[in-house]
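The values are calculated or read from the model by the stated rules, or taken from the named source; none is laboratory data. The model shown is predicted, which means the values in this text are computed figures rather than measured ones. Heads up, the Cβs are rebuilt from the backbone with ideal geometry, glycines too, and the neighbour counts pull from every protein chain shown. Surface areas here come from the heavy atoms of the whole protein model, side chains and all, with no ligands, DNA or RNA. Shrake-Rupley method; radii C 1.70, N 1.55, O 1.52, S 1.80 Å.
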Amino acid sequence: MTIHQQEPQIRQEREREAARMRVPESRVEQLPPFLRMEGAAAETMPRAVPVPAPAVGHRFLIYKQDPSVTRLGVRVAFVPSVVLNGPADARITTQLAGVTPVARNVDGDFVFPPNSPQFDCGHTFAVVRQTLTMYERHHGAPIRFAWNIGGNTDRITVHPRAGVDRNAFYSRTAKVLKFFHFTPAGQDQPVFTCRSLDIAAHEMGHAILDGLKPGWLGAANPPQTGGLHEAFGDLTAVFLTLSQPDQAEALVAMTRANLHDKNFLSAVAEEFGKAALNRDYGLRNADNDLKLSQVGNEVHDISQVFTGAVYDVLADIYAFECRRQAGRRDHTLLLIEVADKLCKLLLDAIIAAPAVGATYVDVANRMLQISAQRREPAIYRTFIRNRFAVREITTAATPLADLMSGRMDMANAEYTGNGSDVTEVEAYDEHSASLRAEQYRARCCGTMQMPEYLVVDPDKLNKGGSLEDDDILRHELDELRRAFSKQ
């Protein structure tokens, strides 16, 4: 009886704690109380029998999506690994002058008032860590950063509030992720890029891909190689979102399980896109209809073609599995499983692609071949072939009439259009600017504009290891040595 009498008091205390937490005034009335809970530890009750040891890990209060997506808002996330004050662990550390190291609370958690400097440190660390963990699960082993060779174990440093700018970037030379903030014209509230799960996951995607394919960031590669880097960043945000059950469930409910309905998954960095570019759909739209013939050699535009093709494949496989398993599996669970498999397929295809000069066809063919090796339904590969062909990335190995007319046999796992299960396709246009022109990076994120990737040769980058300032200035220094040796 005493226990039951205490429960109302405990709930009231938790409500008072939640009330002391702040969110932007424009959003506070939009967030239900349960989304603003600090996540206080549950009271421990005496037990007469042994119980399993609790999992190692810590809770973080984070924006579960973009700050503008208020239906998800601020929630508690669990990071199942040891995190030191900082926050920091064996791979990632956090730096903010005058704030870090941020200390865990009495319960061992990193739970702070939303939008405070401490919150930004905890939120950004948690999203970056979740991103790395997602890919390491698929890879089945630790993924090195580009400088982690020869036994080097240096961490990557996350700077949540690196300064004032409309950007964010990853740098191999500095071994950092930097997130900036800016105040839009006519407004008094700044936009912090670190608070967007999309942006944080995107930039960490660059760091992860640079570890896996260190030669791909060089500007001397074909434009499509640069496009793969930007697309990988955006698709990282998509797959991280779908790895979280609460986000997947909200998406299914919002779209009625139709991923082509307008939704927060396909809109990348909504708050930033609106504030910086006045775009209602975000910085980029993963659910687009762009073709290679429409984009030239601008890397961000090129990236959207690849992103859109993979997003369409995701939507196709999900629609097929919903039909095939209707009434037997929950649609949210199906979405999580489909996204999980496609994420691993893409990661493995990228790992198997060429070390430098990789093209969209290279990755598409690896996806087809790995899918066949895993004996996935043949219709999966039909989706891959069709969607890349429609985007003018590859030749159409099978007729597209059924796809374009909407008469595909979505209930047939062995559907291939004409009965052939092709796993090797060719480039649609070998003379495409996306394959032959120089990369145009002026509108890319800060990562693609870093000088180290613009001037260092892809073969040098591909060797991995730390980069120094002299590596960036190598050509100029060599010219000076030659000039001075003649004097």
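Val76 falls short on exactly one of the conditions (1) within 21 Å of Phe239 (Cα to Cα); (2) of a type in the set (Val, Ile, Thr); (3) in contact with a Pro (Cβ under 9 Å, 6 or more places away or on another chain), and that condition is (3).
For Met21, indicate whether it is at pLDDT below 50 and part of a loop (DSSP other than H, G, I, E, B).
yes
Results for (1) part of a helix (DSSP H, G or I); (2) open to solvent by 70 Å² or more (accessible area, probe 1.4 Å); (3) at pLDDT below 80; (4) of a type in the set (D, E, K, R), shown as yes or no for each residue.
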residue: Arg14; (1), (2), (3), (4): yes, yes, yes, yes
residue: Arg47; (1), (2), (3), (4): no, yes, yes, yes
residue: Gln65; (1), (2), (3), (4): no, no, no, no
residue: Val69; (1), (2), (3), (4): no, no, no, no
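Selection of segment 143-154 for residues being surrounded by 14 or more Cβ atoms within 10 Å (Cβ to Cβ) and not charged (D, E, K, R) yields Ile143, Phe145, Ala146, Trp147, Asn148, Ile149. Close Cβ contacts (under 7 Å, 6 or more residues apart or on different chains) running from residues in segment 462-487 that are more than 28 Å from Ala358 (Cβ to Cβ) and in a helix (DSSP H, G or I) to residues that are open to solvent by 50 Å² or more (accessible area, probe 1.4 Å) and of a type outside the set (Phe, Trp, Tyr) comprise Leu477/Asp470. None of Val69, Val111, Val76 is within 22 Å of Leu265 (Cα to Cα) and in contact with a strand residue (DSSP E or B) (Cβ under 7 Å, 6 or more places away or on another chain) except Val76. When Glu414 is tested against the conditions (1) without any contact (Cβ under 8 Å) to a residue 40 or more places away in the chain; (2) within 19 Å of Ile302 (Cβ to Cβ); (3) part of a loop (DSSP other than H, G, I, E, B), the lone failure is (2). Just so you know, in segment 326-382 the residues that are at pLDDT below 95 and basic (Lys, Arg) include one that is surrounded by the most Cβ atoms within 10 Å (Cβ to Cβ), and it is Arg329. Among the residues of segment 426-449, those identified as modelled with pLDDT of 85 or more, open to solvent by 20 Å² or more (accessible area, probe 1.4 Å) and assigned to a loop (DSSP other than H, G, I, E, B) are Glu426, Tyr428, Asp429, Glu430, His431, Ala437, Glu438, Gln439. Pairs meeting the criteria (first residue in segment 320-340 and without any contact (Cβ under 8 Å) to a residue 60 or more places away in the chain and farther than 18 Å from Met408 by Cβ, second residue open to solvent by less than 20 Å² (accessible area, probe 1.4 Å) and outside any loop (DSSP other than H, G, I, E, B), beta carbons under 8 Å, at least 6 apart or on different chains) are Arg329/Glu321; Leu334/Tyr318; Leu334/Glu321; Leu334/Cys322; Glu337/Glu321. So which residues in segment 450-485 are more than 16 Å from Val176 (Cβ to Cβ) and among the small types (Gly, Ala, Ser)? Once the filter is applied, which keeps residues that are more than 16 Å from Val176 (Cβ to Cβ) and among the small types (Gly, Ala, Ser), segment 450-485 yields Gly464, Gly465, Ala483, Ser485.
Table: residues versus (1) touching a helix residue (DSSP H, G or I) at 6+ places or on another chain (Cβ under 7 Å); (2) part of a loop (DSSP other than H, G, I, E, B); (3) at pLDDT 95 or above.
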site	(1), (2), (3)
Gln130	yes, no, yes
Met134	yes, no, yes
Pro142	yes, yes, yes
Thr153	no, yes, yes
Lys178	no, no, yes
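Do the conditions hold for Ala442, that is, is it small (Gly, Ala, Ser) and closer than 28 Å to Asn297 by Cα?
Details: small (Gly, Ala, Ser): yes; closer than 28 Å to Asn297 by Cα: yes.
When the stated conditions are applied, Ala442 passes them.
Residues in segment 42-78 that are among the charged types (D, E, K, R) and touching a residue at least 24 places away in the same chain (Cβ under 8 Å): Glu43, Arg59, Lys64, Asp66, Arg71, Arg75. Scanning for something open to solvent by 30 Å² or more (accessible area, probe 1.4 Å), at pLDDT below 95, under 29 Å from Lys213 (Cβ atoms) and not basic (Lys, Arg), does segment 299-309 turn up at least one residue? Yes, segment 299-309 contains at least one residue that is open to solvent by 30 Å² or more (accessible area, probe 1.4 Å), at pLDDT below 95, under 29 Å from Lys213 (Cβ atoms) and not basic (Lys, Arg). Contact map, segment 383-403: residues that are within 16 Å of Gly419 (Cβ to Cβ) and surrounded by 21 or more Cβ atoms within 10 Å (Cβ to Cβ) paired with residues that are at pLDDT below 85 and not charged (D, E, K, R), Cβ distance under 7 Å, separation 6+ or inter-chain. Pairs shown: Arg385/Ala397; Arg385/Thr398; Asn386/Leu400; Asn386/Leu403; Thr398/Gly417; Thr398/Asn418. The residue of segment 79-130 that is least open to solvent (accessible area, probe 1.4 Å), among those that are closer than 27 Å to Pro142 by Cα and free of Cβ contacts under 8 Å to residues at least 24 places away in the same chain, is Val102. Test Ala319 against the stated conditions and say whether it is of a type in the set (A, V, I, L, M, F, W, C) and touching a strand residue (DSSP E or B) at 6+ places or on another chain (Cβ under 9 Å). So Ala319 fails the test.
So which residues in segment 356-369 are out of contact with any Lys or Arg (no Cβ under 9 Å at 6 or more places or on another chain) and among the β-branched types (Val, Ile, Thr)? Passing the criteria: Thr359, Val361, Val363. Taking the criterion of being out of contact with any Phe, Trp or Tyr (no Cβ under 8 Å at 6 or more places or on another chain) and on the phi > 0 side of the Ramachandran plot, the only residue of segment 167-191 that qualifies is Gly186.
All of (1) buried (at least 18 other Cβ atoms within 10 Å of the Cβ); (2) more than 18 Å from Gly205 (Cα to Cα) hold for Gly296 with one exception: (1). Note on segment 91-103: residues that are under 26 Å from the mean Cα position of the chain (by Cα) and not in a strand (DSSP E or B) total 5.
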